[in-house]
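What follows is a short report on a single structure.
Please treat every number below as a calculation from the coordinates, not as lab data. It should be emphasised that the depicted structure is a prediction, and the values quoted were computed from it without experimental measurement. So basically every Cβ, Gly included, is an ideal-geometry build from the backbone, and we count neighbours across all protein chains shown.
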Amino acid sequence: MAVPKKRVSKQRQRKRRTHYKATPPTLIPCPQCGDPHPPHRVCPTCGTYRHAQRVETDLT
């Protein structure tokens, strides 16, 4: 079983974790209305996906 030989200092531990960052969500503009939405998802504003109306919304 793996056991550390020496205690890891806070500085060394934090240096190792500097690359663990939260990434912002990927958003693309909707071709119909221009509002940002996640790729491969129905646009929540206009309800279109791949240039076709998929969901009824208040705007449609």
message = Show me, for the range 11-26, the HN-Hα J-couplings you get by feeding each phi into the Karplus relation (A = 6.51, B = -1.76, C = 1.60, θ = phi - 60°), rounded to Hz, glycine and proline as x.
response = 5, 5, 5, 5, 5, 5, 8, 5, 8, 8, 10, 6, 9, x, x, 7
task = Would you mind calculating the relative contact order of the chain from Cα pairs under 8 angstrom and at least 6 residues apart, reporting the percent as a whole number?
result = 17 percent
note = By the mean-Cβ-within-10 Å protection proxy, highest first, 43-50, 7-14 rank as 43-50, 7-14
inquiry  = Using amide H atoms built in the peptide plane, which far-off residues or other-chain residues are under 5 Å from H37 H to H?
reply    = I28, C30
